[in-house]
Amino acid sequence: MLRLQNIRKAYVEPDGSQLPILEIPEFHVAAGEQMVLVGRSGSGKTTLLQIIAGISRPDSGLVQIAGLDITQLSEAGRDRFRAERIGYVFQTFNLLPAFSALENVLLGMTFTRTGRDATRSEDLLKRVGLGHRLTHRPTALSVGEQQRVAVARALANSPKVLLADEPTANVDTANQQQIIDLLRETCAEEKIALVMVTHTQEVTSQFDRVDRLAEINQVRPSVTGTAPTEAGGSLS
Amino acid sequence: MSLWKIAWRSIQQRKLSSLLTGLSIALGVALVVIVLVIHGVVSASFSEAAQGYHLILGAKGGKLQLTLNTVFHLSQPIENVPYSFFKEFTEYQDKSGNLVRGKYASAVEAAIPYCLGDSYKDFRVVGTTPDLFEKLSYGAYPDGTPKHYQFAQGSNFDMRDFNAAVIGAVAARQAGLKLGDHFPITHGIADENAKVHDEDLFHVVGILAPTGTPNDRAVFVNMEGFYLIGDHAKPLSKQEDSIDGVLRTHLEQLQSVHHHLQRAVRDKDVPATAAAEIQEADRLIDEILRETKPQPTSSLDAAKKTAGEETEHDAVEHSSSDQQPPRVAAGKQTPLPENQREVTAVLLLLKNDVFSQVLYNKINEGNVAQAVFPSREVANLFEGIVGHVRMILLVLAVLVVVVAGVGVMVSIYNSMNDRRREIGIMRALGAARSTVMTIVLMESVLLALLGGMAGVILGHVTIGLFAPFVTATTGVMIHFWQPAPAIHFAGTYISPEVILIPALLVLATIVGFLPALIAYRTDVARALSDAP
């Protein structure tokens, strides 16, 4: 389902020199496989997910999803591909505060060619246990509920690949397990390839496959700290 | 979820900022609407006022002044022209009773005399003939049908009723004149020290329905009654002034007695039989007048003294003496002799449009009078003076809208920093750069559209509130929902208000472009890495 080959990504520093971030010779995830990628802060986890999602382009290499090399697509093509084939769960949920829970899920469908499906959105929210919170805005939801809305939104378009960027980092222990269970169950039901990145070992035991980013990424971060992202922020 | 809804939610999220931005647009648009509607309606109304006839004739002088004081009842009247000049455009009977056709009468459908110079309260008095309301129209309906004068109350006056008056709708309302009311007129215009003709009362026989023209603010009286008011008779020459001294003395004594008797009858100090005696006195005066050509001591006296000279004006026996003004209560009225008459202006309706230029040239080549095309003068007035004022007002109003538009840009632009993360999230969910750009543009358009619509409503509400004031000051009727009159645009006639909203949308697109460009250029990775 997902195949990365010879991926290189470097940050261009203000003085023009290049700071390598990622160098991954080979990385595979099969359809329906659920894997967790463990890496410490600054190891390039988010950058890797953004490359898989087509948000960032690698400097070189191949990113093949369902047989399509998305690095060859235009930006608009990658946007459309991302809207229709990729689900993305963020560490900070990233719900839009002006929209209700249901509207946030519908937003995930807005940018596809098939358009919105209110029934599916409602079903998804019921599935994550928020059938009674459809019209509530994020500020009226608990942290755990917000992340569940984010999961429902990521699943809205029946993606082939679901990328979860430390989805439990900002929730309490009780909610952590709920979120993990939710991700695993829904991905298993819909045969979605799940790639979750985390910096802790706590939840890894529940996954079929656990990779360590430090093992697949040949770039060794500097001793002094985190490497910058291409946009200038810190890697997580 | 539609992109419009996303844009709308973004507006909702910044309620106060959006409200203030929308309000500034609304105020600007309201200002434009007010300027367009009021100026447009007043312009159209004034243009209509100058329609319904071809030419205005008057004493030589300023063409605009003649138009202003004839059509708009503004400015001071120029000098008068001889009555004989007016007759050149009419058919009349000579002293032998034969029908005589004036020099230009064959080309004329109607010649309406205007005698100006007096006022009642703040309203100009026009001495004229009933033909004004019967033969002339004011403006036309969109289908070209001419608008004819209608009477809200009463009817047109009769030439035989010298003291009859027809009042314009606004003048009647503001002066509080009703059917049957008697009122004096004042010599001069808007002058507190002007002489009031207390003895020369006119009575209201008709009140015009609103026309939306300056005639709503005028008082129309029978020209014959107007002439008989003191000081309105043109002084005669020395030759005309010759008179038998003895007869004159006797006549003056007789007239004095007659005057006292009239007053006594009016004050009911004498029995009703005295009226018969007064009639006898009238008869005696008339007999003397037939034998002489005395110089009148007043206009009324002049009428009495020279009645025998005139053949084309028949004196009238009033049917009910107690309903007549005191001056004519007891007897006949005799028109002012023609050699003592003048007219201030003549409105000419011609039988054919082609005559207008010929007559225009002919009259202006002469020394007696000038001719003006009222519609041309009104157009010149509006294009030359009022048009510039409107343009300045419009430019100012449009500038207000543009500034409000810049306000939209600043409002959205300032919000862009806070919204980078939202844009990043939408992009991460698959929104293309062009999509987020479109959303921001839609936001600008929504603000402008809603602000603009609120402005149109606000403008019309304001017009509705000020309509009575506009009507009172200009005589022009403006209604709450009256759109700005149509203008020629892109090969068709269209109300500028219809153009306003699309123009606003174009403006919104322009001012929304900069923040939209920022949205377009938002780096997703960087936006997502920003702290929430």
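The values are calculated or read from the model by the stated rules, or taken from the named source; none is laboratory data. Just so you know, these numbers come straight off a predicted model, no measurement behind them. Here Cβ is always computed from backbone atoms with ideal geometry, including for glycine, and neighbour counts include all displayed protein chains. Ligands, DNA and RNA are stripped out before the accessible areas are found, and what is left, the full protein with its side chains, is counted by its heavy atoms. Shrake-Rupley method; radii C 1.70, N 1.55, O 1.52, S 1.80 Å.
To the nearest 0.05, how large is the calculated FRET efficiency for B:Q12 and B:Q279 if R₀ is 60 Å and r is the Cβ-Cβ distance?
After rounding to 0.05, the efficiency reads 0.10.
Over the residues of segment B:367-496, compute the C-alpha Rg and express it relative to 2.2 N^0.38 Å.
1.66
What nm distance separates the two modelled labels at B:Q174 and A:Q206, each placed 7 Å from Cα along Cα→Cβ?
That separation, rounded to one decimal, is 8.5 nm.
Return the average number of partner chain Cβ atoms within 10 angstrom of each residue Cβ along peptide A:103-115.
Mean partner-chain Cβ count within 10 Å for A:103-115: 4.
Residues of B:3-15, mean number of Cβ from any other protein chain within 10 Å of their own Cβ, rounded to a whole number?
If you average over the peptide's residues, the count of other-chain Cβ atoms is 2.
Under the rule that an exposed site lies in a DSSP loop and has at most 15 other Cβ atoms within 10 Å, name the longest stretch of chain A with no trypsin sites (Lys or Arg not before Pro) of that kind, not counting the sites themselves.
Between exposed loop sites, the widest span is A:114-190.
Which order do the peptides B:149-158, B:373-382 come out in when sorted by mean C-beta neighbours inside 10 angstrom, highest first?
Highest to lowest by the protection proxy: B:373-382, B:149-158.
In the Gaussian network model of chain A, springs joining C-alpha atoms below 10 Å, which of A:N175, A:N157, A:N104 carries the largest mean-square fluctuation?
Greatest mean-square fluctuation among the candidates belongs to A:N175.
Please compute, for peptide A:50-60, the average count of beta-carbon atoms on other protein chains lying within 10 Å of each residue's beta-carbon.
Mean inter-chain Cβ contacts per residue within 10 Å come to 2.
Across 10 Å bins from the origin, how do the percents of Cα pairs in segment A:2-221 run, short distances first?
For segment A:2-221, the pair-distance distribution reads 8, 34, 36, 19, 3, 0.
Relative contact order of chain A: what whole-number percent is it, with Cα pairs under 8 angstrom and at least 6 residues apart?
It rounds to 32 percent for chain A.
For segment B:401-532, calculate the relative contact order in percent as a whole number, restricting contacts to Cα pairs under 8 Å that are 6 or more residues apart.
Relative CO of segment B:401-532 lands at 45 percent.
Simple spin-label model, 7 Å along Cα-to-Cβ: A:V143 to A:D117 in nm?
3.3 nm
In Å, what Kirkwood hydrodynamic radius results for segment B:44-151 from the alpha-carbon pair distances?
Computed over segment B:44-151, the radius equals 15.5 Å.
Report, to the nearest whole %, how much of the accessible area of segment A:2-221 belongs to carbon and sulfur atoms, 1.4 Å probe, protein only.
Heavy-atom surface of segment A:2-221 belonging to carbon and sulfur, 1.4 Å probe: 46 percent.
Could you check which residue among A:V219, A:V29, A:V12 shows the biggest mean-square fluctuation in a GNM of chain A with a 10 Å Cα cutoff?
A:V12
Once every DSSP H run of n ≥ 4 in chain A is given -39500 (n - 2.57) and the sum is divided by its residues, what mean residue ellipticity at 222 nm do you get, rounded to the nearest 500 deg cm²/dmol?
-9500 deg cm²/dmol
Taking a probe of 1.4 angstrom, what is the accessible area of B:Y92 in Å², to the nearest 10?
Probe radius 1.4 Å; accessible area of B:Y92 about 60 Å².
Can you give the FRET efficiency for A:R3 and B:V402, using 1/(1 + (r/R0)^6), R0 = 51 Å, r = Cβ-Cβ distance, to the nearest 0.05?
0.40
Mark the label point 7 Å from the Cα of B:A140 along Cα→Cβ and return the residues of segment B:11-45 whose backbone N is within less than 19 Å of it.
B:43-45
Buried accessible area for the B:A pair, summed, 1.4 Å probe, in Å² rounded to 100?
2400 Å²
Among A:E215, A:E122, A:E33, determine the one that fluctuates most according to a GNM of chain A built with springs between C-alpha atoms less than 10 Å apart.
A:E215
Can you tell me the FRET efficiency between B:L20 and A:K126 if r is taken as the Cβ-Cβ distance and R0 is 41 Å, rounded to the nearest 0.05?
Numbers: r = 41 Å, r/R0 = 0.99.
For B:L20 and A:K126, the calculated efficiency is 0.50.
With the full set of protein chains in place, find how many percent of the accessible area of segment B:390-499 is carbon and sulfur; take the probe as 1.4 Å.
Answer for segment B:390-499: carbon and sulfur cover 75 percent of the accessible area.
What does the charge count around A:R85 come to, taking other residues whose C-beta lies under 11 Å from its C-beta (Lys +1, Arg +1, Asp -1, Glu -1)?
Numbers: positive: A:R78, A:R80, A:R82, A:K160; negative: A:E84.
Net charge around A:R85: +3.
Between B:L514 and A:S60, what is the label-point separation in nm under the 7 Å Cα-to-beta-carbon projection?
That separation, rounded to one decimal, is 4.3 nm.
What order do B:L99, B:L136, B:L449 take when sorted by accessible area (1.4 Å probe), most exposed first?
Largest accessible area first, the list is B:L99, B:L449, B:L136.
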